[in-house]
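The values are calculated or read from the model by the stated rules, or taken from the named source; none is laboratory data. This one's a predicted model, so the numbers in the text were calculated from it and none came from an experiment. Virtual Cβ from ideal backbone geometry, glycine too; neighbours counted across all protein chains shown. In case anyone asks, the SASA skips ligands and DNA or RNA and just uses the protein heavy atoms, side chains included. Shrake-Rupley method; radii C 1.70, N 1.55, O 1.52, S 1.80 Å.
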2 protein chains.
Amino acid sequence: MNIVDILAKKRDAQALTADEIAFLVKGAVDGSIADYQVTAFLMAGRIHGFTKEETLALTMEMAHSGEMIDLSDVEGIKVDKHSTGGVGDKTSLILLPIIAAAGLKGAKMSGRGLGHTGGTLDKLASIPGFRCDLAIDTFKEQVRKTGLSIISQTDGLVPADKLFYALRDVTATVDSIPLITASIMSKKLAMGADVLVLDVKYGSGALIKDEQESRMLGEMMVEVAKGTGMKAAAMLTSMEQPLGMAVGNALEVKEVLDVLHGEGPQDLREVAFAIAAEMMLLAGLKQNRAEARAYAAEIVQSGAALQKFEQMVLAQGGSTEFDSLPVAEQIIPLCAEKAGYIGSFDTAAIGHAAMLLGAGRRKKTDSIDPATGLIVPVKLGDRVTAEQPLAYLHINNTENLQDACRMLKEAICIQEDVPQKTAPLILDIIN
Amino acid sequence: MNIVDILAKKRDAQALTADEIAFLVKGAVDGSIADYQVTAFLMAGRIHGFTKEETLALTMEMAHSGEMIDLSDVEGIKVDKHSTGGVGDKTSLILLPIIAAAGLKGAKMSGRGLGHTGGTLDKLASIPGFRCDLAIDTFKEQVRKTGLSIISQTDGLVPADKLFYALRDVTATVDSIPLITASIMSKKLAMGADVLVLDVKYGSGALIKDEQESRMLGEMMVEVAKGTGMKAAAMLTSMEQPLGMAVGNALEVKEVLDVLHGEGPQDLREVAFAIAAEMMLLAGLKQNRAEARAYAAEIVQSGAALQKFEQMVLAQGGSTEFDSLPVAEQIIPLCAEKAGYIGSFDTAAIGHAAMLLGAGRRKKTDSIDPATGLIVPVKLGDRVTAEQPLAYLHINNTENLQDACRMLKEAICIQEDVPQKTAPLILDIIN
């Protein structure tokens, strides 16, 4: 087998065999195939696409390019979750406690956030003392005992994805649905859970804004998951506005606690409960979706989910004295300049504004200020009066305040007419 | 300007601006754009193609990526020639002496051959003492005095082409007509001649076998040449069989001397005279093609071309005691196994067989045995009897003899029926 012949096939839009894909992935990782050959492959694939069979083979081969986590010695049904990323998306911190309380095992590795706002690990890191860098054995032991753990991705997991992703990022080959599928699913496959729910975002704050493309990504990921023997579903959920009201790490943890106390924003509750319910259905714990969702809400109402969350925090070294979560020095309201209706959000710009305040990082080496961020109390279709606060900026310095305010004013559009019906929060469930 | 945005444009089949192409070429050469970004560009370009404007911009920018030869202080009309490469193609050694004798200036840089048989430099190197590594000033002085010189390409010429070609070779992006055009034409542009004739080969021994694609390459090169202000024409000539009878370095020089003495194979004479005539037309020396070709033949017949050839050889340190050209130890005839007609040649395989005997190099570091090679005395359509020699193998050892014989037997097809009319030797002239 010869890499130039493989590149010629892909260049000519022919499907590669599983053996050819294996040769390519192995060679890329061991260095016998050069980066400049890998990018020629990625560009040809980005242009011509990949068949389902190619995508499955690529996913499998990437998953096996490094360490594979073996959860077989953890009793019970292991459940994993992935979100394609959104603004204010903190559902993992709600739904893992719910399904752990329901008797499933929530075992999740997470990355740090880049662009937009912080990732799940950044949110947890705002809890004083919380550690994400557990050894695998410690992680498994915690899942066994408490039913849930969220840790950072280990270095040895899916080296092929690290390599491919770094090259895609600098060669305009990121936005390929099969390559995104292989990137996400290879990590999920290496994680070794039994059940996986994918939260695929669409709309102005999503990685893939277009509804149809998001659906294609959801379908392809579910197909690949099934091809590897996992039970999986994908939910298409709206990112036309932030999920919940809080955008920023400690602010989001507080909102999570609100939900776990039976309160909190309705949209956030709905998505978190729906994902938890889908996990219960896939795990065979419930047969009926409405019933499963009601059960998720019950678990929260009973305080059992909050208890699981606190168990996880304690097990990972964090303090459950949540009053000690970091708080910003100043809260600046940003008010509407005219009366009207909230017509649309540029949700990505809201995430960007939060990043400017210190809630996210532009590049890997930037540090995050866990106390900073935004509360956006308005939702699409809301009637607002002039001077009504559209957002509260939680800040520790005024460095980027002007820029963030300008960005937010542009990102939250007020119109005179009553808006058309907005995009559904949960557009569809693919399984 | 940003390389990722440029790659995204090319990925989406949008035409790049001249500025974007300049940014890419400059960055590739100075290292600010990585090889893995260059190959993503090459693959996207190979798949989607390039507009005429893009190809011209790429050619110009590549030409200016390194040293530019300035021939303005050499009086007269400077003439250059390029062949896309063929088996037995030794026309440069005939036509440059002709046009020098006609008063034009033949100034040519040449590469060493890879694959197939030797390049022009390898042929000249079979002449004892001949040197191709002249300094530019010495080269120009020789062109001034004798009217012609052929030297090896200097290291500083078109570094962008060296870089791109090395990357294309290992990423299945060689066979792109615009990229081939930019590669050839950037070197010709850096060479700075006034008149250029391109010999674009088609058929079984050509780089581009397909007649239509060869035509496209010829058209694109002529268009780019004109865009840069050069006077240019392209001739489409047949590589359905070797040109002349000799394939191998000293053997080819001997055949050149035959032609310069007014003899030699008819097909070789025809192509060499036609190219020389085209140069005279472009230079304004003659107005009529038939007249120009007759004039080229006259110059040969008069001995003036031979004299120019000898002047060049002497000026470059070579011996004109041509009896001292290297000779192989053994000549082995390969005979027809049946009577019939020569129906077709696999011309590339004939070149490959000659390479096996030592006349060419598989990789850059291989050495050439100038005495070895083939004489193929038969032509398409010839009637042959059983036992009639189809080829004579000139060898210094029997190492690859069996393989070469097997390859030749397969490459020269004998059929019972009189063959259909063969492809024309000179298919077309594009100007």
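If each label sits 7 angstrom from Cα along the C-beta direction, how far apart, in nm, is B:A13 from its counterparts in the other copies?
Copy-to-copy label distances at B:A13, shortest first: 0.8 nm.
What residues of region A:41-62 lose no less than 30 Å² of accessible area with every protein chain in place versus their chain by itself (probe 1.4 Å, heavy atoms only)?
With the partner chains in place, region A:41-62 has these residues losing at least 30 Å²: A:M43, A:R46, A:I47.
Cα-based Rg (one decimal) and Dmax (whole number) for region A:31-91, in Å?
My reading of the Cα-based Rg and Dmax gives 16.8, 44 Å.
Quick check for you: which residues of region B:232-251 have the amide N under 18 Å from the point 7 Å beyond the Cα of B:E263 toward its beta carbon?
Under cut-off, by backbone N: B:244-247, B:250-251.
For peptide A:299-307, compute the average count of partner chain beta-carbon atoms within 10 Å of each residue's beta-carbon.
Rounded to a whole number, the mean comes out at 0.
Using Cα springs under 10 Å in a Gaussian network model of chain B, which residue among B:A160, B:A250, B:A290 shows the largest mean-square fluctuation?
Maximum fluctuation in the GNM of chain B, among the listed residues, is at B:A290.
Enumerate the whole-percent occupancy of each 10 Å bin, from 0 to the last occupied one, for all C-alpha pair distances of the protein assembly as shown.
Once binned at 10 Å, the Cα pair distances of the protein assembly as shown give 2, 11, 17, 17, 13, 10, 9, 10, 7, 3, 0, 0.
Of the cross-linked pairs A:K187/A:K308; B:K162/B:K201; A:K9/B:K162; B:K140/B:K308, which ones have a Cα-Cα span greater than 20 Å in the structure shown?
Among A:K187/A:K308; B:K162/B:K201; A:K9/B:K162; B:K140/B:K308, the Cα-Cα distance tops 20 Å for A:K187/A:K308; B:K162/B:K201; A:K9/B:K162.
Rounded to two decimals, what ratio of Rg to Rh does region B:112-230 give with C-alpha atoms and a Kirkwood Rh?
0.97
Write down the percent of antiparallel bridges among all DSSP beta bridges whose residues are both part of region B:1-160, to the nearest 5.
0
For region A:145-208, max minus min Cα coordinate along each principal axis, in Å, sorted largest first?
Result for region A:145-208: principal-axis Cα extents of 44, 30, 18 Å.
Restricting to DSSP H runs of at least four residues, report the calculated mean residue ellipticity at 222 nm for chain A, -39500 (n - 2.57) per run over all residues, nearest 500 deg cm²/dmol.
Dividing the helical sum by the residues of chain A leaves -13500 deg cm²/dmol.
Just how far, in whole angstrom, is region A:303-377 from region B:315-379 if you go by their alpha carbon centroids?
So the separation of the two Cα centres works out to 77 Å.
Which value, in Å² rounded to 10, gives the accessible area of A:M216 with a 1.4 Å probe and all protein chains present?
Surface open to solvent at A:M216 totals about 100 Å².
At q = 0.20, 0.25 Å⁻¹, what base-10 log of I(q)/I(0) does the Debye formula yield for region A:209-267 when every alpha carbon is treated as an equal point scatterer in vacuo?
Here log10 of I(q) over I(0) equals -0.83, -0.90.
If you count only protein heavy atoms and use a 1.4 Å probe, how large is the accessible surface of A:D73, to the nearest 10 Å²?
The accessible area of A:D73 comes to roughly 80 Å².
Residues of the protein assembly as shown: accessible area per residue at 1.4 Å, in Å²?
I get 39 Å² per residue for the protein assembly as shown.
Counting only C-alpha contacts under 8 Å and six or more residues apart, can you give the relative contact order of chain B as a whole percent?
Value for chain B: 20 percent.
Compute the Rg/Rh shape ratio of region B:352-431: radius of gyration over Kirkwood radius, all on alpha-carbon atoms.
We get a ratio of 1.06 for region B:352-431.
Can you list, shortest first and in nm, the gaps between the label point of B:E75 and those of its counterparts in the other copies, using a point 7 Å from Cα in the C-beta direction?
So the label point of B:E75 gives 10.3 nm to the other copies.
Semi-axes, largest first, in whole Å: what does sqrt of 5 times each Cα gyration tensor eigenvalue give for region A:1-106?
That gives 36, 17, 12 Å for the three semi-axes.
Taking 30 Å² as the minimum loss, tell me which residues in region A:141-179 lose that much accessible area going from the chain by itself to the full protein complex (1.4 Å probe).
Correct list: A:V170, A:T171, A:A172.
Between B:R144 and B:S302, what length comes free when the chain is fully extended (0.36 nm per residue of separation minus the Cα-Cα distance, one decimal in nm)?
Gain in length upon complete extension: 54.6 nm.
Have a look at the DSSP beta bridges in chain B and tell me what percent are antiparallel, nearest 5.
50
May I ask you to work out the translational diffusion coefficient for region B:35-167 at 25 °C, viscosity 0.890 mPa s, via Stokes-Einstein with Rh from the Kirkwood sum over Cα pairs, reported in whole µm²/s?
Value of D from the Cα-based Kirkwood radius: 146 µm²/s.
For region B:183-330, list log₁₀ I(q)/I(0) at each q in 0.16, 0.18, 0.22 Å⁻¹, using the Debye formula over Cα point scatterers of equal strength and ignoring solvent, two decimals each.
Scattering profile of region B:183-330, log10 relative to I(0): -1.08, -1.27, -1.39.
Which FRET efficiency value, to the nearest 0.05, do you get for A:A339 and B:K363 by plugging their Cβ-Cβ distance into 1/(1 + (r/R0)^6) with R0 = 45 Å?
Once rounded, the FRET efficiency stands at 0.05.
Treating only the Cβ atoms of Lys and Arg (+1) and Asp and Glu (-1) as charged, compute the dipole magnitude of region B:1-79 about its Cα centre; round to the nearest 20 debye.
My answer is approximately 440 debye.
Once you place label points 7 Å from the Cα toward the Cβ at B:Q415 and A:D428, how far apart are they in nm?
Taking the simple label geometry, B:Q415 and A:D428 are separated by 5.7 nm.
Report the accessible area of A:C132, computed with a 1.4 Å probe over the heavy atoms of all protein chains in place, in Å² rounded to the nearest 10.
10
Summarise the long-distance tail of P(r) for region B:92-172 by giving the % of C-alpha pairs beyond 19 Å.
Taking all Cα-Cα pairs of region B:92-172, the fraction more than 19 Å apart is 47 percent.
When Rg is the radius of gyration of the Cα atoms in region B:284-347 and Rh is its Kirkwood radius, what does Rg/Rh come to?
Using only Cα positions, Rg/Rh for region B:284-347 is 1.19.
Among DSSP beta bridges whose residues both lie in the protein assembly as shown, state the antiparallel percentage, nearest 5.
Approximately 50 percent, going by the DSSP bridge assignments.
Report the B-A buried area as the accessible area lost on both sides summed, probe 1.4 Å, in Å² to the nearest 100.
Chains B and A together bury approximately 1700 Å².
Roughly how many nanometres apart are two label points built 7 Å out from the Cα toward the Cβ at B:D210 and A:Q212?
Spacing of the two 7 Å Cα→Cβ label points: 3.1 nm.
Using only the alpha carbons of chain B, what is the convex hull's orientation-averaged projected area in square nanometres?
Hull-based average projected area comes out at 20.3 nm².
Can you give me the three principal axis dimensions of region A:235-322 from its C-alpha atoms, in Å, biggest first?
That gives 38, 32, 20 Å along the principal axes, largest extent first.
Let me check against my output: what whole-number percent is the relative contact order of region A:1-158, with C-alpha pairs under 8 Å and at least 6 apart?
The normalised contact order for region A:1-158 reaches 21 percent.
For region B:1-62, with all protein chains present and a 1.4 Å probe, just round the carbon and sulfur fraction of the accessible area to a whole percent.
Answer for region B:1-62 is 50 percent, counting heavy atoms of protein chains only.
Please report the spacing between the Cα centers of region A:159-229 and region B:49-87 in Å, no decimals.
Here the answer is 46 Å between Cα centres.
Whole angstrom only: what separates the Cα centroid of region A:389-430 from the Cα centroid of region A:231-271?
16
Can you list the distances in nanometres, one decimal and ascending, from the A:S367 label point to the identical position in each other copy, with the point 7 Å along Cα to Cβ?
So the label point of A:S367 gives 6.5 nm to the other copies.
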